[in-house]
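Scroll down for the structure; my scribbles are underneath it.
Where a number appears in this text, it was derived from the coordinates with a stated rule and is not lab data. Worth saying up front: this structure is predicted, and the values here are computed from it rather than measured. Counting neighbours? That spans all protein chains shown, and the Cβs are built from the backbone with ideal geometry, glycine included.
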Ligand SMILES: [Fe+2]
Ligand SMILES: [Fe+2]
């Protein structure tokens, strides 16, 4: 019997990317939508996988990062107090569907191959945090600077620094995880 797999691509699909719009307010709304999705749905699900795979320390890390994603949304909401509940963007809707597809048979797959799933989840989290701090959010910051909105630019810069730290935390966790897997063999 062949073992079912959760591929790196399937996990990658669970992440949503915020979209820059011509209108800075819409850019902010997309940012809040994505950060709140990461906080409330995506990283908590990754934490659940880590617990199920027997790695409570990784679950703690995913929950810690989830809490910081919430803060990112709070920081920007302080400047845009009229955002309310942002409309789900196309990319968060797609990501939620991808996560639900995995969740449908995830528990069984994690029981069969916990190491593979957790390693891939960490690798993808690194890629996505890097995408945010190297590419997406610097463009949001620069848009704010072009619009002479220093306060918004400063929030995006704080977020860039924080996403950078997330990438480093996940990188450290991945190295530690790989070393522990080698020892276990
Ligand atoms: Fe974030
Ligand atoms: Fe992050």
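What the table shows:
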item: Spacing of the two label points (7 Å from each Cα toward its C-beta) at residue 97 and residue 154, in nm; result: 4.1
item: Residue-averaged [θ]222 nm for the chain, counting only DSSP H segments that reach four residues, each worth -39500 (n - 2.57); result: -25000 deg cm²/dmol
item: Projected area, mean over directions - the range 43-185, Cα convex hull, nm²; result: 9.3
item: Relative compactness, the range 59-109, computed as alpha-carbon Rg over 2.2 N^0.38 Å; result: 1.50
item: Mean Cβ count within 10 Å, highest first, over the residues of peptides 79-85, 5-11, 116-122; result: 116-122, 5-11, 79-85
item: Bins of 10 Å from zero: percent of alpha-carbon pairs in the range 1-97; result: 16, 40, 29, 12, 3, 0
item: Helix 43-52 vs. the chain, principal-axis angle (Cα, 0 to 90°, nearest 10); result: 10
item: Tilt relative to the chain, helix 24-37 - C-alpha long axis, 0 to 90 degrees, to 10; result: 20
item: Crossing angle, helix 56-77 versus the chain [Cα axis fit, 0-90 degrees, rounded to tens]; result: 10
item: Cα radius of gyration and Dmax for the range 15-64 (Å); result: 14.1, 45
item: Most to least packed among 18-26, 64-72 [average Cβ atoms within 10 Å]; result: 64-72, 18-26
